[in-house]
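Visitor: Would you mind keeping the following structure in view while I ask a few things?
None of the figures in this text is laboratory data; all of them are computed from the coordinates on show. Computed from a predicted structure; not experimentally measured. When we count neighbours, we look across all protein chains shown, and the Cβ atoms used for this are built from the backbone with ideal geometry, even at glycine.
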Amino acid sequence: MKYLYYLLVVFAASSCLNSSAQDEKAVKEKNKTENSDFKYWVWITASPEKSDQEYTEEFKKYKQHGIDAVLINTEADAELLAELAPLAKNEGLEVHAWMFTVNRPGDKVAEKHPEWYAVSRDGKSTYDQPPYVDYYKWLCPTREASKDHILSLVEGLAKVEDVESVHLDYIRYSDIFLPIGLLPKYDLEQNEELPRYDFCYCEVCVAEFEKQHHKNPMDFENPAIDMEWKQFRLNKVKAIVDEAYKIAHDNGKYLTAAVFPYPEMADHMVRQRWDKWDVDMVLPMIYYNFYNEEVDWIGYATGQGVKDLEGTNTELHTGIYLPALNPKELKQAINYARDNGAKGAAFFDGGAFTPEKLEVIESVKHAK
Ligand SMILES: [Zn+2]
């Protein structure tokens, strides 16, 4: 299995510069993560039932065990984030505004515009026929209106005081290939790009592509091998990121993103080429068990991403899936990330922290 992945990366392209000097000025003058530091992050989802007191206790617990930063999902609700951010900051934690970006389940504004939703090659809109799971409500990244809507949410979060970054999640297309370890769950085989999972073939995407390239993706016998069609879609995701980066920086904030394990793999699975983005920090979700890999794959994927980011201004912090690991493996996972050049480790998610796993963070942090 491993050899396959090694083969896949033989052709890895060299990374390209993505600095944007004029935007840097707006950001506080400081290093993102000092060389000697290794940052510990945790993803958490806000809950309406939770009291301020309970949040404070949770944040205190993280800080005491060595966590430096919380990524809070408020479903892009800036008001709620503005209430929670000071509670975390008071406990000494950095706050990052975690949002669902292109996949927008439960988005009341978007729901008023069925045409904003992505359409598969077999003509099904995620508005009423989402692929895989009912929360897959992907928007079309090409349409002006859906893109503006996404960016307005980024702006709302970027304006919240006490927030360090806007953190883009689901910043990609819907999975053309699911992680191999998840296929049995959906009783699926995916040996090629299947029409049901291939997006976006809405009339705006097709028309814009045809205007540029004088060919219609609907006519392709095998769309997977048309490089312009692939690149068109990679560029659509990049365009959203690069604009979000400007918005974040104009508001004195960083832009961070949760991404697939390493660039070539992200490109292959979800049309996400994150080594070419304007982004301050990426947190690749190196969830080895989803891919039927072993713990040491965290080191492999981290090292690949770090190498692909050489020459850019983007830092890599490894995303680690807590439920898959016992305390001993968690320690190994952190060391694999650190030894392969990550600047930090982010844990999914806060609810999966047992007292034993929190103690691992504390001991690893103080050991170095
Ligand atoms: Zn479209």
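Visitor: Convert each backbone phi in region 188-201 into a coupling constant with the Karplus relation 6.51 cos²θ - 1.76 cosθ + 1.60 (shift: θ = phi - 60°), then list the ³J(HN,Hα) values in order as whole Hz, x for Gly and Pro.
Guide: Residue by residue, region 188-201 yields 10, 10, 10, 9, 8, 6, 8, x, 5, 10, 9, 10, 10, 10 Hz.
Visitor: May I ask which of Lys63/Lys238; Lys63/Lys253; Lys89/Lys365; Lys61/Lys343 have a Cα-Cα span longer than 24 Å here?
Guide: Values: Lys63/Lys238 34 Å; Lys63/Lys253 22 Å; Lys89/Lys365 20 Å; Lys61/Lys343 22 Å.
Flagged as over cut-off: Lys63/Lys238.
Visitor: Classify region 306-359: rounded, prolate or oblate, from the alpha-carbon gyration tensor (a ≥ b ≥ c, eigenvalue square roots; a/c under 1.5 rounded; otherwise prolate if a/b is larger than b/c)? Display every interim value, and only then the final one.
Guide: Numbers: a/c = 3.24, a/b = 2.17, b/c = 1.50.
Prolate, because a/c is 1.5 or more and a/b exceeds b/c.
Visitor: Okay, next question. Find the Rg to Rh ratio for region 64-173, where Rh is the Kirkwood radius over alpha-carbon pairs and Rg uses the same atoms. The partial results should precede the final answer.
Guide: Details: Rg = 15.7 Å, Rh = 14.9 Å.
Rounded to two decimals, Rg/Rh equals 1.06.
Visitor: Let me ask something else about it. What aspartates and glutamates does Lys276 reach when the alpha-carbon gap must be under 15 Å and sequence neighbours fewer than 8 apart in one chain are set aside?
Guide: Within the straight-line cut-off, Lys276 pairs with Asp242, Glu243, Glu264, Asp267, Asp308, Glu310, Glu315.
Visitor: When the Karplus curve 6.51 cos²θ - 1.76 cosθ + 1.60 is applied with θ = phi - 60°, which whole-Hz ³J(HN,Hα) does each residue of region 208-222 get, with x for Gly and Pro?
Guide: Result, rounded to whole Hz: 5, 5, 5, 5, 6, 10, 6, 8, 10, x, 5, 8, 5, 6, 10.
Visitor: Could you list which residues have their amide H under 5 Å from that of Phe347, counting only those 5 or more apart in sequence or on another chain, with H placed in the peptide plane?
Guide: Trp41, Val42, Trp43, Ile320
Visitor: So what J values fall out for region 356-362 if you push phi through Karplus, 6.51 cos²θ - 1.76 cosθ + 1.60 with θ = phi - 60°, rounded to Hz, Gly and Pro as x?
Guide: 5, 6, 5, 5, 4, 4, 4
Visitor: Let me ask something else. Which residues' amide hydrogens lie under 5 Å from the amide hydrogen of Glu94, considering only partners 5 or more residues apart or on another chain, with H built in the peptide plane?
Guide: Ala69, Val70
Visitor: What ranking do Ile320, Ile286, Ile44 get, fewest neighbouring Cβ atoms within 10 angstrom at the top?
Guide: Ile44, Ile320, Ile286
Visitor: Sort 108-114, 298-304 for me by packing, meaning the mean count of neighbouring Cβ atoms within 10 Å per residue, highest on top.
Guide: Working: 108-114: 12.3, 298-304: 24.6.
Final packing ranking: 298-304, 108-114.
Visitor: A further question follows. Considering only DSSP beta bridges whose two residues both sit in the chain, what percent are antiparallel, to the nearest 5?
Guide: Details: 4 of 39 bridges.
Counting only bridges with both partners in the chain, antiparallel ones make up about 10 percent.
Visitor: Amide H of Ala76: which non-local residues (sequence gap of 5 or more, or other chain) have their own amide H closer than 5 Å, using H built in the peptide plane?
Guide: Distant-sequence amide H within range of Ala76: Phe100.
Visitor: Once every Cα of the chain carries one equal point scatterer and solvent is ignored, give the base-10 log of I(q)/I(0) from the Debye formula at q = 0.08, 0.10, 0.12, 0.13 Å⁻¹, two decimals.
Guide: So the normalised log intensities are -0.39, -0.62, -0.91, -1.08.
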